[in-house]
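Report on one structure; see the data block that follows.
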């Protein structure tokens, strides 16, 4: 399947999800939702703006659209220890982070990765408490940044 064909399929899915969530279909909503569905990891506002199609929207439109998509349950967000929120798309059948998994945040490059092969721990809360979400962010240096850092210490050959 070509990249154009894949993009068209993702945009159709985004359009269908918006309709199923009872949201009006707008170019910003369809484009941003498709962009999040295409990504293999959660993206920050800055990363979204740097992607093709993400830069066509001003900052206010981007923030409002992301808030609307989150309120509709079409995306979820994870906050890194750097204070930045990152967003990821999911289906209506799986509110919150559907994989129930922790995330890894590289403190050097800011890239967040889903650790889908691991589960979040079970947490007991006081009786009659209501839990609205949970997240676990592990942070450090990703392999690419670790290699760059290791190269800094090596003398030129």
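Calculate, axis by axis, the spread of Cα positions in the range 3-152 along the three principal axes, and write the results as whole Å, longest axis first.
Dimensions of the range 3-152 along the principal axes of its Cα atoms: 51, 45, 29 Å.
Sort out for me the Cα centre separation of the range 130-145 from the range 53-74, rounded to whole Å.
Each part reduced to its Cα centre gives a spacing of 23 Å.
For the residue pair residue 82 and residue 59, what label-to-label distance in nm results when each label sits 7 Å from Cα along the Cα-to-beta-carbon direction?
Modelled inter-label distance: 1.7 nm.
Cut-off 19 Å, label point 7 angstrom out along Cα-to-Cβ of residue 145: give me the residues of the range 54-86 whose amide nitrogen falls inside.
78-86
Since every read-out is calculated from the coordinates, none of them should be taken as a lab result. All figures in this text were calculated on a predicted structure; none of them were measured in a lab. Cβ atoms come from the backbone with ideal geometry, glycine included; neighbour counts cover every protein chain shown.
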